[in-house]
1. Ordered by residue, what ³J(HN,Hα) values in Hz, to whole numbers, does the stretch 81-97 give under the Karplus form 6.51 cos²θ - 1.76 cosθ + 1.60, where θ = phi - 60° and Gly and Pro are x?
2. With every protein chain kept in the model, how would you rank 89, 45, 3, 32 by accessible area, 1.4 Å probe, largest at the top?
3. Residue 74 label point, 7 Å along Cα→Cβ, cut-off 16 Å on backbone N: hits in the stretch 17-61?
4. Using a probe radius of 1.4 Å on heavy atoms only, what accessible surface per residue do you get for the stretch 1-129? Whole Å² is fine.
5. Under a 5 Å amide H to amide H cut-off, with H placed in plane at 1.01 Å, what residues pair with residue 79 once short-range neighbours are removed?
6. Two decimals, Cα atoms only, Kirkwood Rh: what is Rg/Rh over the stretch 1-80?
7. What residues qualify as long-range amide H neighbours of residue 114, i.e. H under 5 Å apart, gap of 5 or more or another chain, H built at 1.01 Å from N?
8. Which entries of 55/89; 52/89; 31/55 show an alpha-carbon separation above 25 angstrom in the structure shown?
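The values are calculated or read from the model by the stated rules, or taken from the named source; none is laboratory data. Small disclaimer: the values here were computed from a predicted structure and weren't measured. For neighbour counting, all protein chains shown are included, and Cβ atoms are generated from backbone atoms with ideal geometry for every residue, glycine included. In case anyone asks, the SASA skips ligands and DNA or RNA and just uses the protein heavy atoms, side chains included. Shrake-Rupley method; radii C 1.70, N 1.55, O 1.52, S 1.80 Å.
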Amino acid sequence: MSKLNYDKIVQDALRGVIVQVLRHIEDHGMKKNEYIRLTFMPELKGVTCPAKLAKEYSNGLCIELQEDKYENLQVGHDRFSLDLYVGEKIEHFVIPFRTISHIVDPNEQFGLEFDVSLDKIDNLPDNVVCLESFRKSKH
């Protein structure tokens, strides 16, 4: 049996919290004084966001979901998308859950931190081939 990566298993399970939180917001919306902060790594594979923001905040981009600051929240099984007001302009974001490094709900004094480096093989750019996926198991 190959070695289990318990850290990654736990991180993946805890990301389920993000999915449930966002699905709740998708179904019920947010109250006026509520907001959620999400920090993600904008240069990882699968992220769609304004190139200027991705470049400027490559070590982590924090967005806030507030009642009147986003539209069209759609939660999928491995990512979510939304249109977010950035200044006076609306920008489209697609954020895979595995790229999220933090979620914070200040109203509930709740937060989680994730190690996105645990998914580094999955986050390789499209033009990079990981030879690990071609190797046969010795066991």
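1. So the J values, rounded to whole Hz, are 9, 6, 9, 10, 6, 10, x, 8, 10, 9, 10, 8, 10, 10, 10, x, 4.
2. In descending accessible area the options line up as 3, 32, 89, 45.
3. Only 23, 26-27, 47-49 pass the distance filter.
4. In whole numbers, the stretch 1-129 has 64 Å² accessible per residue.
5. Result for residue 79 returns 97.
6. On the Cα set of the stretch 1-80, Rg over Rh gives 1.03.
7. HN-HN under 5 Å from residue 114: 102.
8. Where the Cα-Cα span goes over 25 Å, the pairs concerned are 31/55.
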